[in-house]
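Inspection log for the structure reproduced underneath, given as structure tokens.
The values are calculated or read from the model by the stated rules, or taken from the named source; none is laboratory data. If you're wondering where the values come from, they're calculated on a predicted model, not measured in any experiment. Cβ sites come from the backbone with ideal geometry, for glycine too, and all protein chains shown count toward neighbours.
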Amino acid sequence: MLARRLAPNGHDVTIHFGTDGWRAVIADQFTFDAVRAVARAYAAALFEVAPERRPRVVVGYDRRFASDLFARAAAETLAVAGVSVALARSALPTQVVSWAVASTGADGALVITASHNPPQYSGIKLKTASGASAPPALVRRVEAWLEQAAPAGRPSGAITECDPLDGYLEALARVVDLARIRAAGLTVVADAMFGPTAGLLPRLLGGDATETIEINTAHNPLFPGLKGPEPVERNLTRLKKVVADGGATVGVAFDGDGDRVGVVDERGEYVSTQHVFGLLTRYVLEVRKERGPIVRSVTGSAMVDRLAQRATVPVIETRTGFGWIAEAMQEEGAVLGGEESGGFAFGFHLPERDGVLSALLLLDYLVQGGKPLSALLSDLEAAVGPWCYRRVDVALPPETATKIVEQVRATEWPATIAGLPLVAVRDLDGVKLEFEDGSWLLLRPSGTEPLLRLYAEAPSSEAVDALLGAGRAFLGV
């Protein structure tokens with residue numbers, strides 16, 4: 001953890017970058033002083049890479065409370081530090097900002113967003129010149145500069161305003177056949193979760209036989225009815241009802257900054273993010289006929305491995321956090337990268353999560369497959385077997401969670417756990433136990449919240465429950 005004394009009253013603000021950015025409670029840790037400190041540190045890190053020229057940075061923001069004001073403060077600080085800044089005119093999905101970076105040749109981006117966190121939070125995500133989430137090396141440089149005074153004396157850079165949304169939508173039209181989806185006569189329900197994806201699917205899919213119905217489109221930073229704008233089943237009650245009652249084809253939901261997707265089938269039943277990962281993997285490999293490695297985090301589904309094996313392409317496993325996934329995608333020339341939280345990136349677009357593109361590709365799979373989503377899920381099960389997944393979060397201070405996992409790492413494991421033969425124990429990220437039938441159990445501290453997370457995937461819900469129970473027993477929680 002890094003502490004930086006920011007306020008004249010001696011109040012210490014802790015700035016710690018987790019699996020994808022820094023998040024904190026507004027007016028407590030997340031203050032204008034803290035935002036300016038991160039912006040100065042980011043500028044210093046960029047000048048380290050290219051000291052002979054003026055870096056260019058895109059600054060974007062979501063719809064959370066005062067995000068536009070925090071973004072303006074970050075932009076002004078970057079400019080004073082010598083950076084040329086393109087400041088978004090309005091709230092945008094994070095991947096639109098990433099696209100703006102990649103398409104204009106900028107050196108990176110700073111995005112004010114707390115993604116799916118509760119409404120009292122805000123945060124900062126940093127991006128590289130490719131638009132990808134900042135890799136660990138860049139994060140470490142920024143954190144190091146937080147511990148010292150950033151260089152002064154450089155001539156100030158200019159701030160210009162930008163609106164990259166139209167260009168981003170045109171880029172989507174180049175990688176997915178929107179005319180085919182528009183003509184298919186689908187009924188798509190889209191839950192914007194009060195975030196900046198509101199209005200995008202109607203713009204992309206309107207004008208022909210397909211109809212798009214949106215819910216939760218208002219700009220309301222309290223996210224009414226939601227603990228936070230996260231597209232997980234407990235938050236999709238309204239979406240499920242609208243889909244089921246209206247006879248819609250499919251429902252999709254986007255998180256608070258639009259880079260993750262949640263899915264509901266035509267019956268109004270939630271589709272797990274792991275099954276969405278499986279569907280997208282099958283679509284990319286077997287419908288689009290793309291060939292190249294698949295990158296998944298340590299929490300990614302065994303279904304991905306089975307599908308990759310069928311297509312004779314490698315699977316690369318990374319630590320949790322899209323910075324690791326994006327880095328591996330670029331190094332290996334991957335066609336797809338994903339994580340269990342519903343974030344997916346595509347090698348034919350950007351090395352960055354994109355919830356809107358993920359939804360469009362699923363719609364294209366529905367059209368080309370000629371079947372409802374529930375039938376495509378049945379086909380997936382027929383191809384790779386049945387798989388169930390669940391995650392349990394235990395509230396614990398980060399130091400406690402880390403200490404417990406370190407203790408578990410030193411455990412001498414039995415030959416079988418929950419009746420399953422244990423074949424491997426790995427510590428890439430937390431402790432992952434792998435079993436003979438492909439099942440797995442992972443124990444790891446959260447990188448963004450004070451939680452200890454337990455993950456399990458197995459061929460039946462009973463086996464998943466047994467593994468999670470064993471995990472709790474090992475942890476003593």
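Picking from A473, A424, A463, which residue would you name as being modelled with pLDDT of 95 or more, out of contact with any Cys (no Cβ under 6 Å at 6 or more places or on another chain) and of a type in the set (A, V, I, L, M, F, W, C)? Quick ask: steps written out before the conclusion?
Details: A473 fails: modelled with pLDDT of 95 or more; A424 fails: modelled with pLDDT of 95 or more.
Among A473, A424, A463, only A463 is modelled with pLDDT of 95 or more, out of contact with any Cys (no Cβ under 6 Å at 6 or more places or on another chain) and of a type in the set (A, V, I, L, M, F, W, C).
Look through V394, V384 and report the one residue that is of a type outside the set (D, E, K, R) and under 21 Å from E269 (Cβ atoms).
Selected residue: V384, the only one of V394, V384 that is of a type outside the set (D, E, K, R) and under 21 Å from E269 (Cβ atoms).
Would you say L396 is outside the structural domain of A24 (by TED's automatic domain parsing) and within 30 Å of T281 (Cα to Cα)? I'd like the intermediate steps shown before the answer.
Numbers: outside the structural domain of A24 (by TED's automatic domain parsing): yes; within 30 Å of T281 (Cα to Cα): no.
When the stated conditions are applied, L396 does not pass them.
Between residues in segment 382-406 that are in contact (Cβ under 8 Å) with a residue 24 or more places away in the chain and at negative phi and residues that are surrounded by fewer than 16 Cβ atoms within 10 Å (Cβ to Cβ) and small (G, A, S), which pairs lie under 8 Å by C-beta distance while being six or more apart or on different chains?
The qualifying pairs are P386/S460; C388/S460; C388/S461; R390/S461; I404/G476.
Here is a check on your reading of the model: is W413 hydrophobic (A, V, I, L, M, F, W, C) and over 25 Å from W324 (Cα atoms)? Write out each step before concluding.
Values: hydrophobic (A, V, I, L, M, F, W, C): yes; over 25 Å from W324 (Cα atoms): yes.
It is true that W413 is hydrophobic (A, V, I, L, M, F, W, C) and over 25 Å from W324 (Cα atoms).
Hey, among the residues in segment 291-342 that are closer than 22 Å to V271 by Cβ and of a type in the set (D, E), which one's surrounded by the most Cβ atoms within 10 Å (Cβ to Cβ)?
E339
Per-residue answers, yes or no, for (1) among the polar types (S, T, N, Q); (2) modelled with pLDDT of 95 or more; (3) in contact with a strand residue (DSSP E or B) (Cβ under 7 Å, 6 or more places away or on another chain); (4) not assigned by TED's automatic domain parsing to the domain that holds V58:
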{"position": "E170", "(1), (2), (3), (4)": "no, yes, no, yes"}
{"position": "I181", "(1), (2), (3), (4)": "no, yes, no, yes"}
{"position": "A184", "(1), (2), (3), (4)": "no, yes, no, yes"}
{"position": "T187", "(1), (2), (3), (4)": "yes, yes, yes, yes"}
{"position": "A190", "(1), (2), (3), (4)": "no, yes, yes, yes"}
{"position": "G195", "(1), (2), (3), (4)": "no, yes, yes, yes"}
{"position": "L200", "(1), (2), (3), (4)": "no, yes, no, yes"}
{"position": "L205", "(1), (2), (3), (4)": "no, yes, yes, yes"}
{"position": "D208", "(1), (2), (3), (4)": "no, yes, no, yes"}
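Which one is modelled with the lowest pLDDT among residues in segment 256-296 that are touching a Phe, Trp or Tyr at 6+ places or on another chain (Cβ under 7 Å) and of a type in the set (S, T, Y)?
For segment 256-296, the residue satisfying everything is S272.
Go through (1) assigned by TED's automatic domain parsing to the domain that holds N117; (2) at pLDDT 95 or above; (3) under 28 Å from V25 (Cα atoms) for Q148 and report which single condition fails.
(2)
Let me spell it out: the conditions are (1) in a helix (DSSP H, G or I); (2) over 17 Å from R182 (Cβ atoms); (3) in contact with a strand residue (DSSP E or B) (Cβ under 7 Å, 6 or more places away or on another chain), and L357 meets all of them except one. Which number is the exception?
Evaluating L357 over (1) in a helix (DSSP H, G or I); (2) over 17 Å from R182 (Cβ atoms); (3) in contact with a strand residue (DSSP E or B) (Cβ under 7 Å, 6 or more places away or on another chain) leaves (2) as the failure.
Just give me the residues in segment 454-466 being in contact (Cβ under 8 Å) with a residue 12 or more places away in the chain and surrounded by fewer than 21 Cβ atoms within 10 Å (Cβ to Cβ), in sequence order. So that I can check it myself, show each step before the final result.
Taking segment 454-466 as the starting set, the residues that turn out to be in contact (Cβ under 8 Å) with a residue 12 or more places away in the chain are 454-461, 463-466.
Those that are in contact (Cβ under 8 Å) with a residue 12 or more places away in the chain and surrounded by fewer than 21 Cβ atoms within 10 Å (Cβ to Cβ): P459, S460, S461, A463, D465, A466.
If a residue counts only when it is at pLDDT 90 or above and over 28 Å from T318 (Cβ atoms), which strands (runs of 3 or more DSSP E) contained entirely in segment 1-78 have at least 1 such residues?
Numbers: elements: 3-5, 12-14, 22-25, 56-61.
Those strands (runs of 3 or more DSSP E) span 22-25, 56-61.
Quickly run through segment 132-159 and pick out the residues that are in a loop (DSSP other than H, G, I, E, B) and either in contact with a Cys (Cβ under 7 Å, 6 or more places away or on another chain) or over 30 Å from L336 (Cα atoms) (or both).
Initially, segment 132-159 is screened for residues in a loop (DSSP other than H, G, I, E, B), giving 132, 134-135, 147-158.
Correct list: E147, Q148, A149, A150, P151, A152, G153, R154, P155, S156, G157, A158.
Need pairs with beta-carbon distance below 6 Å; first residue closer than 20 Å to P151 by Cβ and within segment 73-94, second hydroxyl-bearing (S, T, Y) and at pLDDT below 95; sequence gap 6+ or separate chains.
Taking only residues 6 or more apart or on different chains, the pairs are A79/S156; V80/S156.
Take the conditions at pLDDT 90 or above, surrounded by 14 or more Cβ atoms within 10 Å (Cβ to Cβ) and assigned to a helix (DSSP H, G or I) and apply them to L380. Does it pass? Give the steps one after another, and end with the answer.
Numbers: at pLDDT 90 or above: yes; surrounded by 14 or more Cβ atoms within 10 Å (Cβ to Cβ): yes; assigned to a helix (DSSP H, G or I): yes.
It is true that L380 is at pLDDT 90 or above, surrounded by 14 or more Cβ atoms within 10 Å (Cβ to Cβ) and assigned to a helix (DSSP H, G or I).
Just checking, how many residues over segment 20-38 are surrounded by fewer than 20 Cβ atoms within 10 Å (Cβ to Cβ) and touching a residue at least 60 places away in the same chain (Cβ under 8 Å)?
Summing the residues that are surrounded by fewer than 20 Cβ atoms within 10 Å (Cβ to Cβ) and touching a residue at least 60 places away in the same chain (Cβ under 8 Å) in segment 20-38 gives 2.
Could you pull out the residue among L362, L307 that is part of a helix (DSSP H, G or I), in contact with a Leu (Cβ under 9 Å, 6 or more places away or on another chain) and closer than 21 Å to A190 by Cα?
Values: L307 fails: closer than 21 Å to A190 by Cα.
Result: L362 is the single residue among L362, L307 that is part of a helix (DSSP H, G or I), in contact with a Leu (Cβ under 9 Å, 6 or more places away or on another chain) and closer than 21 Å to A190 by Cα.
Do the conditions hold for L428, that is, is it part of a loop (DSSP other than H, G, I, E, B) and either touching a residue at least 60 places away in the same chain (Cβ under 8 Å) or under 28 Å from R234 (Cα atoms) (or both)?
Numbers: part of a loop (DSSP other than H, G, I, E, B): yes; either touching a residue at least 60 places away in the same chain (Cβ under 8 Å) or under 28 Å from R234 (Cα atoms) (or both): yes.
When the stated conditions are applied, L428 passes them.
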